[in-house]
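See below for the structure under consideration.
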Amino acid sequence: MALKTKRDEFSLIPKIVNGGIAGIIGVTCVFPIDLVKTRLQNQQVGPNGQQLYTSMIDCFRKTFKSEGFFGMYRGSAVNILLITPEKAIKLAANDFFRHHLATEAGRLPLKREMIAGGGAGFCQIIITTPMELLKIQLQDAGRVVTQKTNSKVMGRISATTIALDLIKSRGIIGLYKGTGATMLRDVNFSIVYFPMFARLNALGPRKNDGSGEAVFWSSFLAGCAAGSTAAFAVNPIDVVKTRLQLLTKGVGEVSYTGILDAFQQIYHREGIKAFFKGAGCRMIVIAPLFGIAQTVYYFGIAEWLLGLKKGTELTSYKWKQDLTEM
């Protein structure tokens, strides 16, 4: 297989378009599970040990029963709107950093892969933070209302209303509540995800068209495996981030002053298991989300739409060859 070198042309626009398309398709498929994950993570144990939801299935069943099919997609509009630039930035930035960090021979050591992934995770937080903030309020509204009123009836709430209220009361910076925790989660996620995906994808069979690309199911499985592993690894940070970004609390729920305070209070009040609330849901969300996103990303839809030649896939960086030479 011909290896990509730093002298090869890097086309950024098609990668951005492909990333956006991949994000839209991926998030549409997995959003209901993400909603369940958010509600489980925000749920705190009451003074008598009572909980609104006892499990992932229980949360899904109660949410669907009280809010219906469209209730499972509460907050999806803002997520789909902002996931386009978020995934576009994440996937394209990783490829951009990998391209420029690769040696002339096309090699990319693990340390450089991790730097590239971390850089991609850092770049995305400008979009991720407000997207997550608004999505969480909309996803968790049903749980908070039910806990407060024990009623299935919920007033009309929208991302626009929440955003305008935040901007009016706190300025544009209000949309960036929880930025530190979001950065901590996304950078660490990308440091784990992208190198793992590249290596797993490099092990899969290649297409017979001379492109050197992995077959679609190989990219899908690599995305699923790397995504679920990275999601589990950063779940404690995701729990803290979700709690910090929740603006409306349920009855008896505590507030946190920052990342360290949240870690300490959650640990003392709920124990170590609380940091893995929603971990199963998050893994189920992230696995197909990134599996689908990576597969769609490599389809080259943007190149087809723009009438451009599809670039060769930059994945293995002689890593597979290096293994055989060890």
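When the stretch 288-312 is limited to residues that are of a type in the set (Gly, Ala, Ser) and within 15 Å of Val17 (Cβ to Cβ), the one that is modelled with the highest pLDDT turns out to be Ala293.
You will find that of Glu67, Glu86, Glu104, the residue that is under 15 Å from the mean Cα position of the chain (by Cα) and of a type in the set (Asp, Glu) is Glu86 and no other.
Of the listed requirements (1) closer than 28 Å to Gln264 by Cα; (2) modelled with pLDDT under 85; (3) of a type in the set (Val, Ile, Thr); (4) touching a helix residue (DSSP H, G or I) at 6+ places or on another chain (Cβ under 7 Å), Val145 misses just one: (4). Within the stretch 294-307, residues that are farther than 24 Å from Ser228 by Cα and touching a residue at least 24 places away in the same chain (Cβ under 8 Å) reach partners that are charged (D, E, K, R) and part of a helix (DSSP H, G or I) with beta carbons closer than 9 Å, at six or more positions or on different chains, in the pairs Ala302/Lys15. Against the list (1) within 30 Å of Gly174 (Cα to Cα); (2) at pLDDT 90 or above, the condition Met114 fails is (1).
The values are calculated or read from the model by the stated rules, or taken from the named source; none is laboratory data. The structure presented is a predicted model; accordingly, all values stated were derived computationally and were not measured. As a convention, Cβ positions derive from the backbone with ideal geometry for all residues, glycine included, and neighbour counts pool all protein chains shown.
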